[in-house]
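For reference, the structure discussed in these notes is given below.
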Amino acid sequence: MGADAKFKRILLKLSGDSFSPSGERGISMDEVVHISGQVHEAQRLGCQIAVVIGGGNILRGSQFTAENSVVHEATAHYMGMLATVINGLALQDALEACGCDTRLMSAIKMDGVCEPYIRRRAQRHLEKGRIVILGAGTGGPFVTTDTAAALRSMELSVDILMKATRVDGVYSEDPEKNPHAVLYTELEYTEVIEQGLRVMDSTAISHCMEHDMPIMVFNFRKDGNILRAVRGERVGTIITTKKVPPRDN
Ligand code: UDP
């Protein structure tokens, strides 16, 4: 491991929105290449990186069923999962164009497109310094890729789940709507759940809380932030179970 990396292994959650310019949908390869460069920079510190990629820039199951009642909700979620694989393919080529060695693994078997997700194989790829892109979420409908990110973080024994967002971290309110919203630097899982703070879906937070998996929420649009986060510098918001220090007797 490079001397500069604080974390040996991380899971980076990228939402599909990070692949399109603000307010737009679809894939902009300029955005994908830009984010890939940031990931590559962080990996060169020696950090092992698994990426869970979302699909919201193409399709979100819940939104799609709300607009198209003909499609069963489960079908729409499967469509969303396939969207994440499309993003995964774009990310894979962009990362490889930056010089990274990568593997795309899908929770839904897709021979000819990518490898099936097998935990031990994913671990092996990480040990060999390959960036592992995890597509198709959990492989099951009615959840989001945030939940997939939480579950894969535990399975792959990462040191921290890093959630890249468009804003600087977790705020008291939506900072894009209220400019006076307060940015938190540290939070406990229970505070996130009780205050209904918009970080990740509540299932994902609960999984992380149960397994003591720290979450860092930070702005990927600020150049160098992924690198800084991997170095252990303070960026964004960190969510943990704050341990009460032992009392001196
Ligand atoms: N999805 C799913 N199961 C999973 C992960 C994702 O059914 O384990 C579907 C769900 O419909 C979701 C869509 O895939 O809305 C795209 O993922 P997500 O909304 O999490 O993408 P992001 O918001 O991160 O871009």
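The values are calculated or read from the model by the stated rules, or taken from the named source; none is laboratory data. Fair warning: this is a prediction, and the values are worked out from it, not measured in the lab. When we count neighbours, we look across all protein chains shown, and the Cβ atoms used for this are built from the backbone with ideal geometry, even at glycine.
Let me confirm something: among Asp174, Asp159, which residue is more than 16 Å from Leu14 (Cα to Cα) and modelled with pLDDT of 95 or more?
It is Asp159.
Considering only the stretch 127-148, state which residues are away from the ligand (no atom under 16 Å from the Cβ) and within 20 Å of Asp93 (Cβ to Cβ).
Applying the first criterion (away from the ligand (no atom under 16 Å from the Cβ)) to the stretch 127-148 yields 127-132.
Within the stretch 127-148, Lys128, Gly129, Arg130, Ile131, Val132 meet the criteria.
Take the residues in the stretch 58-109 that are near the ligand (Cβ under 7 Å from one of its atoms) and hydroxyl-bearing (Ser, Thr, Tyr), then tell me which one is farthest from Glu41 (Cα to Cα).
The residue in question is Ser62.
Among the residues of the stretch 123-137, what is the count of those that are crowded, with 22+ Cβ neighbours inside 10 Å and either in a loop (DSSP other than H, G, I, E, B) or among the polar types (S, T, N, Q) (or both)?
Residues meeting the conditions: 2.
Yes/no per residue for (1) crowded, with 17+ Cβ neighbours inside 10 Å; (2) part of a helix (DSSP H, G or I); (3) touching a Phe, Trp or Tyr at 6+ places or on another chain (Cβ under 9 Å); (4) at pLDDT below 95:
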position: Glu41; (1), (2), (3), (4): no, yes, no, yes
position: Asn57; (1), (2), (3), (4): yes, no, yes, no
position: Thr84; (1), (2), (3), (4): yes, yes, no, no
position: Arg121; (1), (2), (3), (4): no, yes, no, no
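So, in the stretch 163-191, how many residues would count as being surrounded by 14 or more Cβ atoms within 10 Å (Cβ to Cβ) and more than 28 Å from Pro21 (Cβ to Cβ)?
Counting residues in the stretch 163-191 that are surrounded by 14 or more Cβ atoms within 10 Å (Cβ to Cβ) and more than 28 Å from Pro21 (Cβ to Cβ) gives 3.
Would you mind finding the one in Gly37, Gly23 that is more than 8 Å from the ligand (Cβ to nearest atom), more than 22 Å from Arg152 (Cβ to Cβ) and in contact with a Cys (Cβ under 7 Å, 6 or more places away or on another chain)?
Among Gly37, Gly23, only Gly37 is more than 8 Å from the ligand (Cβ to nearest atom), more than 22 Å from Arg152 (Cβ to Cβ) and in contact with a Cys (Cβ under 7 Å, 6 or more places away or on another chain).
Among the residues of the stretch 40-57, write down those that are near the ligand (Cβ under 10 Å from one of its atoms) and under 27 Å from Gln123 (Cα atoms).
Answer for the stretch 40-57, where residues must be near the ligand (Cβ under 10 Å from one of its atoms) and under 27 Å from Gln123 (Cα atoms): Val52, Ile53, Gly54, Gly55, Gly56.
Would you check if Leu104 is at pLDDT 95 or above, on the phi < 0 side of the Ramachandran plot and buried (at least 19 other Cβ atoms within 10 Å of the Cβ)?
yes
Select, from Ala83, Ala50, Ala97, Ala76, the only residue that is out of contact with any Leu (no Cβ under 8 Å at 6 or more places or on another chain) and in contact (Cβ under 8 Å) with a residue 12 or more places away in the chain.
One residue alone meets the criteria, Ala97.
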